[in-house]
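Read the structure below first, then the notes.
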């Protein structure tokens, strides 16, 4: 894995607020969010349930729109970035169509974007190889484990080769052994592709293991209470989690989460 800390911001939020209007009155989901994510960074967002982690990811993806402040993606508005196919999005559930084979699920965005049949086939082959699913293109989702389904979902998000990958707690429903394996595979994939990754998680060990930077968020209204630069080496075997350096970063994340609760 290579060191991908970089100064060129591809995602930038400035003074971002988001208020939802509900039947019970306004609810402020995000408050004064300021953040820059550099090209090639792996940034994890962590915080308590309801703190706005997923909402912030959805603002980047133009699935929600801020009430005030600004968000840019590759120097464009999120809506323009979506039209420019700047990012792929991986949801909490794999969301594969059960009546389509794995290969045809991965090809779906390419079909929508009207790539040629030859290009669809080549891109599908390439991304399935990236996520170690070569040979499974003719299987159906129900024939694959949950972890394999999530890898197929990642392949689908990579199929049109966007430079940014947005991941909303993709491994949260998986058991610890499978999750560890997918964490290792995701780091390897990131190292091979150089994508910029924004990753939502509830897991402190997962955030520390994966990230170049960890964004700690407070309870609603979601604010950024700390941004932690990882001192860990580029190469990260799983047993790095037993080292003093890893434990120190995890402690800082935990303390940041506690401090965020102090703002309530």
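Descriptive notes on the structure:
- Residues (over 14 Å from residue 217 (Cβ atoms), in a loop (DSSP other than H, G, I, E, B) and modelled with pLDDT under 90) located in the stretch 24-59: 24
- Hey, residue 206 under 21 Å from the mean Cα position of the chain (by Cα), surrounded by 13 or more Cβ atoms within 10 Å (Cβ to Cβ) and in a helix (DSSP H, G or I) or not: yes
- No other residue among 157, 162, 152 is in contact (Cβ under 8 Å) with a residue 24 or more places away in the chain and more than 17 Å from residue 198 (Cα to Cα) apart from 152.
- Cβ-Cβ under 7 Å pairs, at least 6 apart or on other chains, the stretch 62-73 side in contact (Cβ under 8 Å) with a residue 40 or more places away in the chain and assigned by TED's automatic domain parsing to the domain that holds residue 19, far side loosely packed, with under 14 Cβ neighbours inside 10 Å and part of a loop (DSSP other than H, G, I, E, B): none
- Yes/no for residue 191 being closer than 22 Å to residue 10 by Cα, modelled with pLDDT of 95 or more and not assigned by TED's automatic domain parsing to the domain that holds residue 137: no
For (1) closer than 30 Å to residue 129 by Cβ; (2) surrounded by fewer than 20 Cβ atoms within 10 Å (Cβ to Cβ), each residue gets a yes or a no:
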site	(1), (2)
44	yes, no
52	no, no
57	yes, no
73	yes, no
79	no, yes
90	yes, no
94	yes, no
102	yes, no
107	yes, no
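- Residues of the stretch 158-193 classified as assigned to a helix (DSSP H, G or I), in contact with a strand residue (DSSP E or B) (Cβ under 7 Å, 6 or more places away or on another chain) and within 20 Å of residue 93 (Cβ to Cβ), total: 1
- Which listed residue, of 151, 156, is assigned by TED's automatic domain parsing to the domain that holds residue 110 and out of contact with any helix residue (DSSP H, G or I) (no Cβ under 6 Å at 6 or more places or on another chain): 151
- Count of residues meeting criterion [more than 22 Å from the chain's Cα centre (by Cα) and not in a loop (DSSP other than H, G, I, E, B)] in the stretch 142-157: 2
The values are calculated or read from the model by the stated rules, or taken from the named source; none is laboratory data. Computed from a predicted model, the values in this text were never measured in an experiment. Note: ideal-geometry Cβ built from the backbone for every residue, glycine included; neighbour counts use all protein chains shown.
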